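Colleague: This is the structure I want to talk about, given as structure tokens.
The values are calculated or read from the model by the stated rules, or taken from the named source; none is laboratory data. Since we're looking at a predicted model, the values are computed, not measured. A quick note on method: Cβ atoms are made from the backbone with ideal geometry, for glycine too, and the neighbour counts reach across all protein chains shown. The accessibility values were calculated without ligands, DNA or RNA, using every heavy atom of the protein model including side chains. Shrake-Rupley method; radii C 1.70, N 1.55, O 1.52, S 1.80 Å.
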Amino acid sequence: MRYENMEPAQFLERPNRFIAWVQTQRGKEICHVKNTGRCRELLLPGAALYVQRNENPSRKTPLDLIAVRKGERLINMDSQAPNRVVEEWLRQGGKKGKDMAQGEEKSGLCLCTEKALIRPEYRYKDSRFDFLIKEEQRRILLEVKGVTLEEEGIVRFPDAPTQRGVKHIRELMDSLREGYEACIFFVVQMKGVKYLEPNDKTHREFGDALREAREAGVRILAYDCQVEPDLLEIQEKVPVKL
């Protein structure tokens, strides 16, 4: 996926989860933060940002915060982007990466041919999952999680407690008993990481549920992304250590 009207900026402060003050070529401006997570390790005073400008006069904020530079690493912070890049990946058959085809064909996720139905925002029981994939007799529930928390090359999820995330995992396990296949897809919104693991220090219950889900037959996948100021694209498989 590509972004238009991108500009460099500098982070100043974040009064609440939804907005930040940034410095652009036009001066100090208010910016919508498209990620309500804590992001404390990313949004530090003076951090180099990339923001998207929208000239729509009906908007309360003219800018959206898209990416931040952490050292030499550029990290996409747009929480809406993972679903979009996963849908692109699915519609291309799950093969638009350097090492995707063989591993995911064996696991059964790489099934999206012209006959496949990819249905976003599918309601199952009390949850709305990101995608339902149907082809012939197969039904796959797919839940997408964006990952921005990184430390020394290790990425972790979540960056804050998420009872909603635990609920999704439990219902994915329930779906297996009704003939669905189920998958959790972690989109690592950066390059050059070692592996992904659950953030047990922040939310042990989520990590325990994830480990239980894998034992039950839920597939756990993670892929990194090529990140540029105006681009996010799924690339290579990332090891998952539970």
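Colleague: Mind checking whether some residue in the range 59-66 is at pLDDT below 95 and closer than 16 Å to residue 186 by Cβ?
Modeller: No, the range 59-66 contains no residue that is at pLDDT below 95 and closer than 16 Å to residue 186 by Cβ.
Colleague: Among the numbered criteria (1) within 30 Å of residue 7 (Cα to Cα); (2) of a type outside the set (D, E, K, R); (3) touching a Ser or Thr at 6+ places or on another chain (Cβ under 7 Å), which one does residue 144 miss?
Modeller: Going through (1) within 30 Å of residue 7 (Cα to Cα); (2) of a type outside the set (D, E, K, R); (3) touching a Ser or Thr at 6+ places or on another chain (Cβ under 7 Å) one by one, residue 144 breaks only (3).
Colleague: In the set 41, 7, which member is part of a strand (DSSP E or B) and of a type in the set (Asp, Glu)?
Modeller: 7
Colleague: Right, next: Going through the range 209-235 one residue at a time, which ones are touching a helix residue (DSSP H, G or I) at 6+ places or on another chain (Cβ under 9 Å), under 15 Å from residue 168 (Cβ atoms) and surrounded by fewer than 20 Cβ atoms within 10 Å (Cβ to Cβ)?
Modeller: Within the range 209-235, 212, 216, 219, 220 qualify.
Every residue, every condition in (1) within 23 Å of residue 145 (Cβ to Cβ); (2) surrounded by 14 or more Cβ atoms within 10 Å (Cβ to Cβ), yes or no:
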position	(1), (2)
35	yes, yes
44	no, no
50	yes, yes
53	no, yes
60	no, no
63	no, yes
73	yes, yes
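Colleague: Of 134, 125, which residue is at negative phi and open to solvent by 10 Å² or more (accessible area, probe 1.4 Å)?
Modeller: None of the other options fit; the residue is 134.
Colleague: Here is a follow-up. Name every residue in the range 137-151 that is at pLDDT below 95 and either at positive phi or of a type in the set (S, T, N, Q) (or both), in order of residue number.
Modeller: Within the range 137-151, just 137 meets the criteria.
Colleague: Within the range 164-187, can one find any residue that is small (Gly, Ala, Ser), closer than 24 Å to residue 81 by Cβ and open to solvent by 20 Å² or more (accessible area, probe 1.4 Å)?
Modeller: Taking every residue of the range 164-187 in turn, none turns out to be small (Gly, Ala, Ser), closer than 24 Å to residue 81 by Cβ and open to solvent by 20 Å² or more (accessible area, probe 1.4 Å).
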